[in-house]
1. Of the conditions (1) out of contact with any strand residue (DSSP E or B) (no Cβ under 8 Å at 6 or more places or on another chain); (2) at pLDDT 95 or above, G137 clears all except one; give me its number.
2. Out of all the residues in region 30-63, which are of a type in the set (S, T, N, Q) and either over 21 Å from L97 (Cα atoms) or open to solvent by less than 30 Å² (accessible area, probe 1.4 Å) (or both)?
3. Which condition does G94 not pass, out of (1) in contact with a strand residue (DSSP E or B) (Cβ under 6 Å, 6 or more places away or on another chain); (2) closer than 24 Å to A39 by Cβ; (3) open to solvent by 30 Å² or more (accessible area, probe 1.4 Å); (4) not in a strand (DSSP E or B), if it passes all the others?
4. Sort through H100, H154 and tell me the only one that's within 30 Å of P73 (Cβ to Cβ) and either in contact with an Asp or Glu (Cβ under 8 Å, 6 or more places away or on another chain) or of a type in the set (S, T, N, Q) (or both).
5. Using beta carbons and a limit of 7 Å, which pairs, at least six apart or on different chains, have the first residue in region 86-97 and within 15 Å of R126 (Cα to Cα) and the second one aromatic (F, W, Y) and assigned to a helix (DSSP H, G or I)?
6. Taking the criterion of being touching a Phe, Trp or Tyr at 6+ places or on another chain (Cβ under 9 Å), of a type in the set (F, W, Y) and under 26 Å from M1 (Cβ atoms), would at least one residue in region 61-84 satisfy it?
7. Applying the selection to region 1-47, what residues are farther than 27 Å from V151 by Cβ and either assigned to a strand (DSSP E or B) or of a type in the set (S, T, N, Q) (or both)?
Amino acid sequence: MQIREATAEDWPRIWPFWHRVVAAGETYTWDPDTSEEAARALWMAPAKRVFVIEDGTGAVVGSAFLTPNYGGPAARIANAGFMVDPERGGRGIGRALAEHVLAAAKADGYRGMVFNAVVETNPAVRLWTSLGFTVLGTVPDAFEHPRDGRVGLHIMYRAL
């Protein structure tokens, strides 16, 4: 697998799995009906550093962004978003992408990373915990999960 900075030309290869993940309504707080144009603006915004991970065939199988979570005196705390093609789950792609983005954040001078809204039933919670993130708190019943009903949203943090 190869991880590299994304280019504008990568969006058509990110959009199909981005759309499937968000439309499923299980792990992201974005509207499941988000249009492609709005999705591109969310994921590929100029303030974000975007990465893709390619498999051995050159197919884009995951993507992530890195951005400041706050501004001003708190701008050294990062935020990130991660997506792996659901058809490629369980192969270490998310972990490889996460480790790469955490290293990039540290190299960019961030002191920590925060996730503002991790759906508590998201299997990625185990990944984040294994990478040193802790749950600072949970907003109860904040997310309408299509199968599990109302579930909480974790706020997770890790020092870099």
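1. Going through (1) out of contact with any strand residue (DSSP E or B) (no Cβ under 8 Å at 6 or more places or on another chain); (2) at pLDDT 95 or above one by one, G137 breaks only (1).
2. T34, S35, S63
3. Unmet condition: (3).
4. It is H154.
5. Listed pairs, sorted by first residue: none to list.
6. yes
7. Q2, I3, R4, E5, T7
Condition check ((1) β-branched (V, I, T); (2) within 16 Å of T29 (Cβ to Cβ); (3) modelled with pLDDT under 95) across all residues:
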{"residue": "G92", "(1), (2), (3)": "no, no, yes"}
{"residue": "H100", "(1), (2), (3)": "no, no, no"}
{"residue": "V119", "(1), (2), (3)": "yes, yes, yes"}
{"residue": "P123", "(1), (2), (3)": "no, no, yes"}
{"residue": "L127", "(1), (2), (3)": "no, no, yes"}
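The values are calculated or read from the model by the stated rules, or taken from the named source; none is laboratory data. It should be emphasised that the depicted structure is a prediction, and the values quoted were computed from it without experimental measurement. Cβ coordinates were reconstructed from backbone atoms using ideal geometry, including for glycine residues, and neighbour counts include every protein chain displayed. Protein only, heavy atoms only, side chains kept; ligands, DNA and RNA dropped before computing areas. Shrake-Rupley method; radii C 1.70, N 1.55, O 1.52, S 1.80 Å.
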